[in-house]
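Notes to accompany the following structure.
The values are calculated or read from the model by the stated rules, or taken from the named source; none is laboratory data. Note that the structure is a prediction, hence the values are computed from the model and not measured. Methodologically, a virtual Cβ is constructed for each residue, glycine included, from the backbone with ideal geometry; neighbour enumeration extends over all protein chains shown. All accessible areas refer to the heavy atoms of the entire protein, side chains included, with ligands and DNA or RNA removed. Shrake-Rupley method; radii C 1.70, N 1.55, O 1.52, S 1.80 Å.
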Amino acid sequence: MTRMPIRAAVFGDHFLGKAYSDIANSFRGDIANKKSWFTNSRQICISEHMVADMETFSGSIDDVRAFCAVVDFATLSAAARQLNETKGSISRRISRLEKAVGVRLLSRSPRSVSCTAEGLEFYDKAMPALALLDDAGASVRRSRSIARGTIRITAPIDIAIEVLPEIITSFRLDYPQIAIEVIATDATLDPVAHRIDLALRVGLAQMPDMQFQAFPIAEMRVSMFAAPSYLQGSGPIEVPADLERHALVLPRERPGVTHLSLSNGAREERVSLRADVRASDFACVLKLAEAGAGIAPLPEIVVVNSVSTGRLVRVLPDWSWSGLTLHAISAPGRQMTARAKAFRDYIKARL
């Protein structure tokens, strides 16, 4: 194996770090004098000389596995059959490993193979490390087929407040082994940088310029709503043009005219509206509308509870605006975990 030049290496809480460190210390007494440890949070930076030595030693897990197989099965031939390799390949692996640790691990004769005292000590420490490695690999593979663990979800504030609580609660009754973290924000978060499993977003134009995976969850239809307290004594609202004579609460930070295209299925009307009250997100618009501040365009999935409890009433019930889709977005190049897929499918079924 060609040793690559290394300037520094960082070992965090890697499950093999301590085990291989113990092995190395057992066979390299001089390494202790070469250590230069710099602790920062959970990371340990190892000096260049020690890293160069340990890189060859720990660079091939297969060499360590081959040695342990020889000890377990007592012959090179049996170990080769177990690992589906040739006897010569196993022999070369053992030679590389002995060169890496700097001591002879096996005593070999034409008829037999036996462990040296150092080999037995190495074996006793290497086997638990290999078991941890195998367990880690199996755990990762299970995450793709078994729905468990933690899901990190981000969603717009209005959806996080008005839509997700009941869905998450019922979801966890079916999947109690899954924990959920919700990041409620209207900001567009990079799924990779923020370790997001699923990002619920309306439209894709504001997503980062990356090959993300987008799965449609629900069509977003926007209708006009107002509180009963506002509608009492207000003028009639029979066609979209009537909105221009009413107080309006609109979800837009920029001043000026807001244009809405409302359709009743047979025809479409475009109205130009000026807000009496503006808010930066639908969550705030919803609360303002409930308080009687005016008529507001709101996504129907966001006002379900407000309508069912009588806090809001739909205005112009035959007219609405559609064309947007709620997507579940995941990071590019990753196979979705079973837990994330379970939640994605669950919320799609509910919406």
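Taking segment 233-268 as the range and being open to solvent by less than 70 Å² (accessible area, probe 1.4 Å), of a type outside the set (D, E, K, R) and outside any strand (DSSP E or B) as the test, the residues that pass are Ser234, Gly235, Ile237, Val239, Pro240, Ala241, Leu243, His246, Ala247, Pro251, Gly256, Asn264. Among the criteria (1) closer than 24 Å to Asp276 by Cβ; (2) at pLDDT below 90; (3) out of contact with any helix residue (DSSP H, G or I) (no Cβ under 9 Å at 6 or more places or on another chain); (4) open to solvent by 80 Å² or more (accessible area, probe 1.4 Å), the one Asp209 does not fulfil is (1).
Which residues, counting only those in segment 123-168, are modelled with pLDDT of 90 or more, of a type in the set (Ser, Thr, Tyr) and farther than 30 Å from Glu290 by Cα? Correct list: Thr150 only.
For segment 305-351, the set of residues classified as closer than 20 Å to Val202 by Cα, part of a loop (DSSP other than H, G, I, E, B) and of a type in the set (A, V, I, L, M, F, W, C) consists of Ala331, Leu351, listed by residue number. Of all residues in segment 61-88, those being without any contact (Cβ under 8 Å) to a residue 12 or more places away in the chain and assigned to a helix (DSSP H, G or I) number 8.
Identify, please: which residue in segment 269-282 is in contact with a helix residue (DSSP H, G or I) (Cβ under 7 Å, 6 or more places away or on another chain) and not small (Gly, Ala, Ser) and is, among those, surrounded by the most Cβ atoms within 10 Å (Cβ to Cβ)?
Here is the first cut: in segment 269-282, the residues in contact with a helix residue (DSSP H, G or I) (Cβ under 7 Å, 6 or more places away or on another chain) are 269, 271, 273, 277, 279, 281-282.
Within this subset, residues satisfying the condition of being not small (Gly, Ala, Ser) are 269, 271, 273, 277, 281-282.
Numbers: Glu269: 13, Val271: 17, Leu273: 17, Val277: 16, Asp281: 16, Phe282: 25.
Among those that are in contact with a helix residue (DSSP H, G or I) (Cβ under 7 Å, 6 or more places away or on another chain) and not small (Gly, Ala, Ser), it is Phe282.
Being crowded, with 18+ Cβ neighbours inside 10 Å and on the phi > 0 side of the Ramachandran plot is a description that applies to Leu316.
Quick grid of which residues meet (1) touching a residue at least 24 places away in the same chain (Cβ under 8 Å); (2) out of contact with any strand residue (DSSP E or B) (no Cβ under 9 Å at 6 or more places or on another chain); (3) closer than 18 Å to Lys348 by Cβ; (4) open to solvent by less than 50 Å² (accessible area, probe 1.4 Å):
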| site | (1), (2), (3), (4) |
| --- | --- |
| Ala147 | yes, no, yes, yes |
| Thr150 | yes, no, no, no |
| Ile159 | yes, no, yes, yes |
| Thr169 | no, yes, yes, no |
| Pro176 | no, yes, no, no |
| Glu181 | yes, no, no, no |
| Thr185 | yes, no, no, yes |
| His194 | yes, no, no, no |
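The one condition from (1) surrounded by fewer than 20 Cβ atoms within 10 Å (Cβ to Cβ); (2) modelled with pLDDT under 95; (3) outside any strand (DSSP E or B) that Val302 does not meet is (1).
Among the criteria (1) in contact with an Asp or Glu (Cβ under 9 Å, 6 or more places away or on another chain); (2) buried (at least 17 other Cβ atoms within 10 Å of the Cβ); (3) more than 18 Å from Val163 (Cβ to Cβ), the one Val285 does not fulfil is (3).
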